[in-house]
Amino acid sequence: MPATVPVQQPAAAPATRSANRQSHTRIWVLVVGAGAVRAAGFSYPFLPYRLSDLGFSTTGISGVLALYGLGWLAGQILWGRLADALGRRTTLISAMTVAAVTLPLLAQATNTLVVGAAAIIAGVVYDAPRPVISAAVADEIPDESARASITGWRHFAVNVGAAVTGAAGGLLADRTGLPFLFWINALACAAFAVIVTYCVRPDQPPAATTHTGPARHRLAKDARLWLLWLASVLAFVPIAGLFSVMPLLMDRQRLPASAYGWTQAASAAAVLLLSLPLNRWLARKAKKTSMVGILAASSLILGAGIGSAGLASTTPQYAAAAAAAVPGEIAAFVAATAIIDRIAPPHARGLYAGIWGTTLATAIMCAPELAGWSLTQGGPRLVGLTTLACGLAGATVCMPLGLLLRRRPGTAAGPDREAPV
């Protein structure tokens, strides 16, 4: 018997390494593909211009955008739940196929009801890869450091994609017309569906277990999930403020639209410069901490960074405020995703990721309302203070979250995959 041990041991290691390489390859196919889809994601940023061309009033445009936002929010939960019920691969292919069919309809429709219905469905599929890929990463990458690194690069890909969307869309819109942008978006989604079909293996639906029913019951009572959701919304309101608060403040200072473009350029430059070192640092931290402290710190950085725009009056000052918030933005996404990976049961990873995925959509809906009220009631300084207060509140919510994560598995809110640090 002892003689068999040296023979078996070397054979197992290459097989394990090969499986790990294949898992990483599949994950990077998903990450790069999702980044490419976001780079071609013209439907959301250019929808207001399309609606204006169709003769929609300001109220009508706001209504359609609200429908899009509601679809986005609902879509995160829908695709997360389906990822558990149908499997990651099937769900992602389905979402991208729906997008490929819906976006041309949104491009060509002129009837108000059809436009509204298409906007809802387009919103549902807009960020569909997020919860599905989050669950796939948690399934296939057991190492916390590797997962954190992948999350950081996923966020980097989304940021680069968003920058490409704005630049390419602006150049193409005048030459090809707005409907063509929506067709490009649809073709990118169709291409991603084909790539996933041929490059990602079928997976067994995690929800097809005897634990599915109890998992839904535990989810409703999982205080860790809902505290993380609240902390993330509060932290992301300042991120959303980069697109809603800052234009209002700069317009009040009578700065041109080109000045706002410089703030976006400063933010993008900071992302490019800081992503590599921050991703490495966060990957190391993911092995040693629960990441709650990093989430709290990132919330403070975001609140202070975007909040400082309330004191700005020149383009360089606004650009500095946008760049100062970038470290908090990168850290917040990595930390929150690491916490979701820790607390989500294997058979409900998609649903947990989907529920957390609604945080950004919620923040995007809340930020303009908060900014508008603050600007009316107290001017730019109150806008800055309320933005800072959101960051402070997010950090405060992390305190009870950290306490719950320190409890041993099986106590309180349900089992962790592993004992929290």
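The values are calculated or read from the model by the stated rules, or taken from the named source; none is laboratory data. Because the structure is a prediction, the values reported are computed rather than measured. Backbone-built Cβ (ideal geometry, glycine too); neighbour counts: all protein chains shown.
Could you grab me the full set of residues in the stretch 47-64 that are among the aliphatic types (A, V, I, L, M), at pLDDT below 90 and surrounded by fewer than 19 Cβ atoms within 10 Å (Cβ to Cβ)?
Across the stretch 47-64, the qualifying residue is only ILE61.
Are any residues in the stretch 50-89 under 20 Å from ALA188 (Cβ atoms) and out of contact with any Gly (no Cβ under 9 Å at 6 or more places or on another chain), and if so, which ones?
Scanning the stretch 50-89 gives ARG50, ARG89.
Residue under question is GLY241, and the condition is that it be buried (at least 21 other Cβ atoms within 10 Å of the Cβ), at pLDDT below 95 and in the same structural domain as THR376 (by TED's automatic domain parsing); does it hold? If you could, list the steps in order and put the result at the bottom.
Details: buried (at least 21 other Cβ atoms within 10 Å of the Cβ): yes; at pLDDT below 95: yes; in the same structural domain as THR376 (by TED's automatic domain parsing): yes.
In short, yes.
Failed condition for LYS288, given (1) assigned to a helix (DSSP H, G or I); (2) more than 30 Å from ALA259 (Cβ to Cβ); (3) over 18 Å from the mean Cα position of the chain (by Cα), with all others met?
Looking at each condition in turn, LYS288 falls short on (1).
Taking the stated definitions as given, is MET365 at pLDDT 90 or above and in the same structural domain as VAL237 (by TED's automatic domain parsing)? Spell out how you get there, then give the answer.
On the way: at pLDDT 90 or above: no; in the same structural domain as VAL237 (by TED's automatic domain parsing): yes.
Against the criterion (at pLDDT 90 or above and in the same structural domain as VAL237 (by TED's automatic domain parsing)), MET365 does not qualify.
Please specify each residue of the stretch 315-345 satisfying the condition of being β-branched (Val, Ile, Thr) and touching a residue at least 60 places away in the same chain (Cβ under 8 Å). Full working, then the answer.
Start the filter on the stretch 315-345 by keeping residues that are β-branched (Val, Ile, Thr), which leaves 315, 326, 330, 334, 337, 339-340, 343.
Hits for the stretch 315-345 are THR315, ILE330, VAL334, THR337, ILE339, ILE340, ILE343.
When you look at ILE27, is it β-branched (Val, Ile, Thr), under 27 Å from SER145 (Cα atoms) and either in the same structural domain as ILE195 (by TED's automatic domain parsing) or in contact with a helix residue (DSSP H, G or I) (Cβ under 8 Å, 6 or more places away or on another chain) (or both), yes or no?
Here the answer is yes, as ILE27 does meet what is asked.
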